[in-house]
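Read-outs throughout are calculated quantities, based only on the coordinates presented, and are distinct from any laboratory measurement. Small disclaimer: the values here were computed from a predicted structure and weren't measured. Methodologically, a virtual Cβ is constructed for each residue, glycine included, from the backbone with ideal geometry; neighbour enumeration extends over all protein chains shown.
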Amino acid sequence: MKKFNLSLVLLLISIWVFSESILLNPYNRKDAISLNGEWNVIIDPFCRGEISGFYKNKKPSGKADFVEYSFSNVFRLHVPGDFNSQLPELKYYEGNVWYQRTLKLNIISDKRQFLYFAGANYFSKVWLNGVEMGSHEGGFLPFQFDITPFVKNGENDLVVMVNNNRKKENIPAMNFDWWNYGGISRDVFLVQTPTSFIEDYKIQLKKSSSTTLTGYLRLNGVQTAQNVEINIPELKINKTLTTNETGEVSFEISAKPQLWNPEIPKLYSVRFVFGKDTICEDIGFRTIETKGDKVMLNGIPVFLKGVNFHEEIPQRMGRAYSDADAAMILNEVKALGCNFIRTGHYPQNERIVRMAEKMGLMIWEEIPIWQGIDFTNETVMKKAEVMFKDMIARDKNRAAIIIWSVANETAPSTDRNRVLRGLVNLTRKLDNTRLIGAAFNNISYTKETSTFTLQDSLVQSLDLVGVNKYMGWYMSFPVAPGQLKWNIAIDKPLLISEFGGEAVYGQHGANDVASSWSEEYQEKLYIDNIDMFKNIPNLCGITPWVLFDFRSPTRMNYLNQNGWNRKGLVSDKGLRKKAWYVVKDYFNSK
Ligand code: GCU
């Protein structure tokens, strides 16, 4: 019997334990290897693949042998990219898709090797050489696996199953107003590190200070105290930090950085060096707070001139995933005159987030706790906590992110308040430097006083309140817009986080007939809403819903929608509607 290899078992256990928590960010590691490209696929609508052993990628072993499945180099899909938009027959597909590719690897004694997925929707399972590496739930955040002990010299077989079936206990749950794009929708990397490496770090301005950088750094694979260098050349910072024996160190460094802001989105090259491991990242420094009903950026009140958008390229009818995609979206955002974006309704890919930061766009980020989430289910709460932790872990060094939002349009209940207050408390623990918000649509209207109010105890736990209110669309104006009053969370900043109405580009008609779906109606709706906004005493900004027309299976008016939500200020072909110019003028006036 083979000698029982205790050390290998211990190594495997430690790797399994840590591989859940380590997230090496390949966008900061110059030597990360992209695994993007054409991958072999099998479509598995009856979810038979795991029982049939697709993950073994078995080949016939003789004349009499045959295999019922094959990742033949015939049927392929592009990675990254949702599968729905790559083949007409997959337009509405919900089920399993199996991906396979070979990796030419070598066993490298002084390195560890990881597979990093920037995102795959919704549930993924990964095998290497027929051995399960692990699984991940959630469509919009990264995950990775330490494959070191499972690598062979030469050709290695990588198999990934992705399932996008909607489920009541998922986040988002069964119903949502965007396309259920499934698949490996974001970048995939192979990351090789020294056996001991820099696992994680955070460096931002200390809360309420503009002259103290604070943060932490964590090493992996060390058992004694270590020295790590931190260099920020432009700030003449070259410090050596000494970790404890588990490889952790927290620090405070005096500095006078030029503060990041939309006009001058200053980023500093920050470098961490530990042994053979070097990480470089461009990081900005700014303060963000509220003062009464104002949002204070670097101690100065700022008005959030924003817009919502989905992570979608309408012309391609698919998920956005590349730098070119990010540039297309964000250039249109800047053209509108924005200094702020709300990445509806999930953490969008890092290429969008990092490019937005470089372009001076502040960001509201959220996980898809969207309307009908099952807050009574304990596993849903655990999933929400993991997703929120992963979102903060991924983007904690992004100065552009100023608001973490815990929910969008959730109905008040004891369970909902318990779960969302739990997320607020978790966030305050993980990151006390940013604002915490949520978007509400349970707004009441009092006819006698023409006043909007919001009775929701969750508000008191938040720094900032978002209101989604579709005046002129889901609710007609009960009185002239300028006569409407707002009395919502007046001691806090209030963002109109969603408003708007639908129009088909090039469709013209009366501006007082909603069912005309005309540009004129949408234009007038925006004029009226902006007129109403003047009466909101604590208005800190607006984010129209939505920048581009976007796809949604719930939009079935086949004359005007045909599977598209037409609230875009810009059409699915990239053409600006009349309302776009109303917003542009309003932002110019602010
Ligand atoms: C809601 C929701 C959006 C949705 C929008 C609409 O407010 O947050 O995701 O697309 O309304 O109805 O168009």
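The table below gives the values:
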quantity	calculated
Added length on full extension, which subtracts the Cα-Cα distance from 0.36 nm per residue, residue 573 to residue 447	41.3 nm
Dipole magnitude of the range 6-194 about its Cα centre (Cβ charges: Lys, Arg +1; Asp, Glu -1), debye to nearest 20	300 debye
Two-site label geometry, residue 414 and residue 66: point separation in nm, points 7 Å out along Cα→Cβ	6.1 nm
Pair residue 153, residue 167: separation of 7 Å Cα→Cβ label points (nm)	4.2 nm
DSSP H segments from the chain that extend 18 Å or more along their own axis, Cα-based, with Kyte-Doolittle mean of 0.5 or above	6-21
Subset of 256/334; 168/383; 104/152; 291/334 violating a 18 Å alpha-carbon distance limit	256/334; 291/334
Cα-centre dipole for the range 197-286 with unit charges at Cβ (Lys and Arg positive, Asp and Glu negative), debye to 20	340 debye
FRET E, pair residue 239, residue 52, Förster distance 60 Å, beta-carbon r, rounded to 0.05	0.60
Value of [θ]222 nm, deg cm²/dmol, for the chain, DSSP H segments ≥ 4, -39500 (n - 2.57) each, nearest 500	-5500 deg cm²/dmol
Pairwise centroid distance, computed over Cα atoms, of the range 138-205 with the range 372-422, Å	20 Å
Computed over the chain: relative contact order in percent, which uses C-alpha pairs under 8 Å that are six or more apart	11 percent
Tensor-based shape of the chain (alpha-carbon gyration tensor, a/c under 1.5 rounded, otherwise prolate or oblate)	oblate
For peptides 388-394, 34-40, 569-575, sequence by mean Cβ density within 10 Å, most packed first	388-394, 569-575, 34-40
Cross-link table 294/573; 91/396; 207/590, entries beyond 32 Å C-alpha to C-alpha	294/573; 91/396
Relative packing of 558-564, 198-204, 481-487, 434-440, which averages over residues the other C-beta atoms within 10 Å, highest first	434-440, 198-204, 481-487, 558-564
Gyration tensor verdict on the range 6-194 (Cα atoms; rounded if a/c is under 1.5, prolate if a/b is larger than b/c, oblate otherwise)	oblate
Fraction of beta bridges assigned by DSSP in the chain that are antiparallel (%, nearest 5)	75 percent
Total charge dipole magnitude, the chain, about the Cα centre, Cβ charges on Lys, Arg, Asp, Glu only, Debye to nearest 20	700 debye
Ranked packing of 534-547, 165-178, most packed first, by mean Cβ within 10 Å	534-547, 165-178
Rounded FRET efficiency, nearest 0.05, which uses the C-beta distance separating residue 315 from residue 557 and R0 of 25 Å	0.70
Signed unit charges on C-beta, dipole axis of the range 489-570, positive-most listed residue 529, 557, 517	557
Gyration tensor (alpha-carbon) shape descriptor, the range 218-298, a/c threshold 1.5	prolate
Percentage relative contact order, the range 6-194, counting C-alpha pairs under 8 Å, at least six apart	30 percent
